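What follows is a single structure, written as structure tokens, with notes after it.
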Amino acid sequence: MAVQRLRIPLSGMTCSACAVRIEKVLNRKVALAGATVNFAGAFAEVALDPETASLLSVVDAVRGAGYDVVIEEKTLPVEGMSCASCIQRVEKLVKRLPGVLEASANLASNSVRVTLVAGTASREDLARAVAAGGYSVPADEGSEGEDWEAARQARESSSLKRDLAVAVVFSAPVLLLSMGHMIPGFPHIHVLPWILLGLTLPVQFWAGRRFLRSAWINAQHGSADMNTLVTVGTLAAFGASLGATLFPRVFAPPGGSASGMPPLYYETACVIITLILFGRTLESRAKGRTGQALRALMDLAPKKARRVTEGAEQEVPLASVMRGDLLRVRPGEQVPVDGTLEEGGSAVDESMLTGEPLPLPKEPGARVFAGTVNTTGTFLMRAEQVGRETFLAHIVDMVQRAQGSKAPVQRLADRVAAVFVPVVMGIAAITFLLWLLLAPAPAFSAALLHAVAVLIVACPCALGLATPTALMVGTGRAARMGILVRDAAALETARRVTMVVFDKTGTLTLGKPQVTDILPAEGMDGRDLLSLAAAAESSSEHPLAMAVVARAEHDGLAPAPAERFVSVPGRGVTATVRGRTVMVGTSAYLADEGVALHGADDRAAGLESQGKTVLAVAVDGRLSGWLAVSDAPRPEAAEAVRVLGASGLSVVLLTGDRAGAARAVAAQLGITRVMAGVLPDGKAEAVAALQASGWTGEEGSPASDGGSALRSPLPAPQIVAMVGDGVNDAPALAQADVGIAMASGTDVAKQAAALTLVRSDLTLVPKALALSSATVRNVRQNLFWAFGYNVLGIPVAAGVLVPLGGPGLTPVLAAFIMAFSSVFVVSNALRLRRVPLK
């Protein structure tokens, strides 16, 4: 293969030394024909010899050096895929293009998602590569063409119905005439073979043309798929019948026959094509329902918007709305894009995003989101996120990514599909020869029928549909419930979770802490204590700090300016306020800074026993009092914990808060395992320790403020799901086997998570795990059926049981079984829409 010269865009370089470093790494660690890095243009030019190095090795080397390669993803609709073999072929065709890192074709959604180095291959390049294999890619219709799959399915359904009608009309008389000798008094027709030939031609070459066309294209490229099997099988039956029609004496069996005609197999070819088309029609209808959830999400966005320019309104296509446009939204209309209210007010129904049943009041300055419904007043909004930038588009994209990804369980099916069709054709050839040589006369008839039965029963349609249909339905249902799944691997891992770890603030609690108690020390006024603490905390974005500032503002206290602000994550802050040094934080923080506590722990413990977080305040190195902050648990948190426990899962509370406050919240929610005092940079380590050995975490086992010890390790490792919402939770979410981010969480947390809850409802956590189990169970059922019917059907079709007095399998019955298997797999996947979730 010739050397490929690629320009690879890079990110993370800050100076020319970075370029030199990357260039050295590429030339030293990767077997390249040459590499140069351009700092000004932020790209690397490499000469890649596919025989000695791969593009993935280049990407790994760049990332290993501390930089990154700019990657992009493209999803293309593909028409013409019909079985598992097609999936393999489309992926191979795309992967041959320079710059492509990965390709994942999906039979259920008739698409291929391609991961490639940015700028190396255009959509047109990808489309040409797919078309070279005999498939087609519809023209890019931009954002207006998001429903291309629905349009494709409509065209396919219409074509299948038309071809099926032709097949039924002509196959029915062929079947009747072919069975005439079995009907007493049925007239003998000398020209019957010619009548049957005339009736079969439209079925074989018109209704069955889709099989012939695909088989011919495959043959030109030296490959084969299910269309090849159908074509070879039906043409074998048709060809033998045509020979008997043209040369009846040559094909006449020894001893002649009662009718004087040689055996004909026209009805075999006709009925096989008719049954397969019938199965395809049912399959198409069922597949159409697997993507309903995604299309329902797409339909939430309106097709048009009302743009206001210089006081005049104009209805424009949604695709033409630009960032900064002023849009009017009337009562009953859907919000077209994400933006901010500029003028007017209303109540907006956001249930499609949050699940909240009541419309939320919106005033100027409030955020509104695409797809939500304006219920009452008219308002003007400023467009801020448009097109694929909107929150709704982000949800749709995540669902599409998950539906287009491959679960690890599918790897076996992919490996089998790669060699399946050639192996089946070999089995059919051996079957034909063995029957021809060993069977009694007329051996040709038996050999042909058994070989055709093998070819037909083994079509790998069900194998290609088994996994993607279940994933499409499962991730679609998850999206409708308010659960976004990052990929199929996350869905498969979630079913194996044995322990669920919850962050406290903002996850198990509402994340809106309030100052409930102000306890000044002797000689300190309560209002002065609150004012000084609020001034010191005013530069912090921690929820507890904001609670202190909010209480001061509520009490009419204006915090004074703070200087020399220093924050110690997870411990406290220090600042200079009006020339005085003010420290606010945990008792341990103040003690480490040399503040004498004088029994403060006893007073703090009393507040903590009520589930409150206590902040100690020191002024000029002297303890000045305490502020108690309380954050109410989420209303549904206790029920979520109960359901998880009833499912046999361990539940752990992991928090940086003090042990007393953590235990109090845990007691309210029914959690018996608590890890308290864990600093932000220690949360990932705590999750890793849980994964390695597990932890009993009985009451009293967590350590005090200094951290928490892992005691009484379990003998078995744990599969850990981490539920969190903050920036400090992101490492733990990434470390966990399954990270689950709350809707109210930060973008960093959501990017690190495998699952995202669109609405902050903790009861979705057990439902997500239950749906994961149901989806993987459904995938395995489908794969068991797809493999099982081939394992049993092929030898029966080959006739191994016939010499033993057992049953055989006619080509017609084989066609029925093959069609039924595909319909069964898709119908079984659709059951996921109704499976009850605890």
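Filter region 344-369 down to the residues that are under 16 Å from residue 300 (Cβ atoms) and of a type in the set (S, T, N, Q), then identify the one that is modelled with the highest pLDDT. For region 344-369, the residue satisfying everything is 351. The set of residues in region 1-19 that are loosely packed, with under 13 Cβ neighbours inside 10 Å and among the hydrophobic types (A, V, I, L, M, F, W, C) comprises 1, 2, 15, 17.
Could you say whether any residue in region 633-641 is over 30 Å from residue 765 (Cα atoms), of a type outside the set (Lys, Arg) and touching a Lys or Arg at 6+ places or on another chain (Cβ under 9 Å)? Explain how you work it out, then say what you get.
So the first thing to find is which residues in region 633-641 are over 30 Å from residue 765 (Cα atoms), and the list is none.
No; the residues of region 633-641 include none that is over 30 Å from residue 765 (Cα atoms), of a type outside the set (Lys, Arg) and touching a Lys or Arg at 6+ places or on another chain (Cβ under 9 Å).
May I ask you to verify whether residue 546 is surrounded by fewer than 18 Cβ atoms within 10 Å (Cβ to Cβ), touching a helix residue (DSSP H, G or I) at 6+ places or on another chain (Cβ under 9 Å), aliphatic (A, V, I, L, M) and at pLDDT 85 or above? Considered against the rule, which asks whether it is surrounded by fewer than 18 Cβ atoms within 10 Å (Cβ to Cβ), touching a helix residue (DSSP H, G or I) at 6+ places or on another chain (Cβ under 9 Å), aliphatic (A, V, I, L, M) and at pLDDT 85 or above, residue 546 comes out as yes.
Collect the residues in region 20-76 that are farther than 30 Å from residue 104 by Cα and open to solvent by 70 Å² or more (accessible area, probe 1.4 Å), keeping them in residue-number order. Result: 20, 21, 24, 27, 28, 36, 39, 40.
In the condition set (1) open to solvent by less than 50 Å² (accessible area, probe 1.4 Å); (2) at pLDDT 75 or above; (3) basic (Lys, Arg), residue 287 is compliant with all but (2).
Does region 567-584 hold any residues that are under 42 Å from the mean Cα position of the chain (by Cα) and either in a strand (DSSP E or B) or within 10 Å of residue 619 (Cα to Cα) (or both), and which are they?
Restricting attention to region 567-584, the residues satisfying the condition of being under 42 Å from the mean Cα position of the chain (by Cα) are 567-573.
Across region 567-584, the qualifying residues are 567, 568, 572, 573.
Scanning region 735-772 for residues being part of a helix (DSSP H, G or I), modelled with pLDDT of 85 or more and out of contact with any helix residue (DSSP H, G or I) (no Cβ under 7 Å at 6 or more places or on another chain) gives a total of 1.
Every residue, every condition in (1) open to solvent by less than 10 Å² (accessible area, probe 1.4 Å); (2) modelled with pLDDT under 75, yes or no:
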residue	(1), (2)
570	no, yes
576	no, no
580	no, no
590	yes, no
593	no, no
596	no, no
600	yes, yes
605	no, yes
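Filtered by the rule that a residue be in contact with a helix residue (DSSP H, G or I) (Cβ under 7 Å, 6 or more places away or on another chain) and not hydrophobic (A, V, I, L, M, F, W, C), region 417-446 gives a lone residue, 431.
For region 503-535, the set of residues classified as within 17 Å of residue 586 (Cβ to Cβ) and of a type in the set (Gly, Ala, Ser) consists of 521, 533, listed by residue number. Would you point out which residue out of 617, 641, 629 is farther than 17 Å from residue 537 by Cα, touching a strand residue (DSSP E or B) at 6+ places or on another chain (Cβ under 8 Å) and β-branched (Val, Ile, Thr)? Answer to the selection: 641.
Within region 336-348, the set of residues being open to solvent by less than 60 Å² (accessible area, probe 1.4 Å) and either touching an Asp or Glu at 6+ places or on another chain (Cβ under 9 Å) or not in a loop (DSSP other than H, G, I, E, B) (or both) comprises 337, 338, 339, 340, 341, 344, 345, 346, 347, 348.
Between a residue in region 208-224 that is in contact (Cβ under 8 Å) with a residue 40 or more places away in the chain and assigned to a helix (DSSP H, G or I) and any residue that is surrounded by 18 or more Cβ atoms within 10 Å (Cβ to Cβ) and of a type in the set (A, V, I, L, M), which pairs come within a Cβ distance under 8 Å, given they are 6 or more apart or on different chains? Partner pairs satisfying both residue conditions: 211/230; 211/273; 211/276; 218/224. The one condition from (1) under 29 Å from residue 480 (Cβ atoms); (2) open to solvent by 20 Å² or more (accessible area, probe 1.4 Å); (3) assigned to a helix (DSSP H, G or I); (4) in contact (Cβ under 8 Å) with a residue 24 or more places away in the chain that residue 784 does not meet is (4).
Are any residues in region 86-110 polar (S, T, N, Q) and open to solvent by 10 Å² or more (accessible area, probe 1.4 Å), and if so, which ones?
Going through region 86-110, the residues polar (S, T, N, Q) turn out to be 88, 104, 106, 109-110.
88, 104, 109, listed by residue number.
When the test is whether a residue is surrounded by 14 or more Cβ atoms within 10 Å (Cβ to Cβ), in contact with a Phe, Trp or Tyr (Cβ under 6 Å, 6 or more places away or on another chain) and modelled with pLDDT under 85, residue 244 passes it. Among the residues of region 673-707, those identified as under 25 Å from residue 643 (Cα atoms), touching a helix residue (DSSP H, G or I) at 6+ places or on another chain (Cβ under 7 Å) and at pLDDT 80 or above are 674, 675, 676, 683, 687, 688.
Say we look at region 473-489 and pick out the residues that are assigned to a helix (DSSP H, G or I) and open to solvent by 10 Å² or more (accessible area, probe 1.4 Å); which of these is farthest from residue 834 (Cα to Cα)?
Kept after step one, since they are assigned to a helix (DSSP H, G or I), are these residues of region 473-489: 473-481, 488-489.
Those left that are additionally open to solvent by 10 Å² or more (accessible area, probe 1.4 Å): 477, 479-481, 489.
Working: 477: 9, 479: 14, 480: 13, 481: 12, 489: 23 Å.
Residue satisfying both the conditions and the ranking: 489.
Scanning region 296-315 for residues that are touching an Asp or Glu at 6+ places or on another chain (Cβ under 9 Å) and crowded, with 16+ Cβ neighbours inside 10 Å gives 298, 301, 302, 305, 306, 307, 308.
Residue 17 falls short on exactly one of the conditions (1) in a loop (DSSP other than H, G, I, E, B); (2) without any contact (Cβ under 8 Å) to a residue 24 or more places away in the chain; (3) not aromatic (Phe, Trp, Tyr), and that condition is (1).
Of the residues making up region 790-806, those that are surrounded by fewer than 20 Cβ atoms within 10 Å (Cβ to Cβ) and of a type outside the set (Val, Ile, Thr) are 792, 795, 801, 803, 804, 805, 806. Of the residues screened, residue 116 is not one that is touching a Ser or Thr at 6+ places or on another chain (Cβ under 8 Å), on the phi < 0 side of the Ramachandran plot and part of a strand (DSSP E or B).
Return the only residue of 311, 339 being modelled with pLDDT under 90 and over 27 Å from residue 475 (Cβ atoms). Explain how you work it out, then say what you get.
Values: 339 fails: modelled with pLDDT under 90.
So the residue among 311, 339 that is modelled with pLDDT under 90 and over 27 Å from residue 475 (Cβ atoms) is 311.
Condition check for residue 519 on (1) among the hydrophobic types (A, V, I, L, M, F, W, C); (2) open to solvent by less than 10 Å² (accessible area, probe 1.4 Å); (3) within 30 Å of residue 677 (Cα to Cα): one failure, at (2). Once region 439-450 is narrowed to residues that are farther than 13 Å from residue 798 by Cα and of a type in the set (A, V, I, L, M, F, W, C), the residue that is surrounded by the fewest Cβ atoms within 10 Å (Cβ to Cβ) is 441.
Tell me which residues, restricted to region 496-543, are β-branched (Val, Ile, Thr) and either part of a strand (DSSP E or B) or touching a Cys at 6+ places or on another chain (Cβ under 6 Å) (or both). Listed by number, the residues that qualify are 500, 501, 509, 515, 516, 518.
Among the conditions (1) under 24 Å from residue 497 (Cα atoms); (2) surrounded by 19 or more Cβ atoms within 10 Å (Cβ to Cβ), residue 647 misses just one, which is (2).
The values are calculated or read from the model by the stated rules, or taken from the named source; none is laboratory data. Keep in mind the model is a prediction, meaning the values are calculated, not measured. FYI the Cβ positions are ideal-geometry reconstructions off the backbone, even for glycines, and counts take in every protein chain you see. Surface accessibility is based on the protein's heavy atoms, side chains included, excluding ligands, DNA and RNA. Shrake-Rupley method; radii C 1.70, N 1.55, O 1.52, S 1.80 Å.
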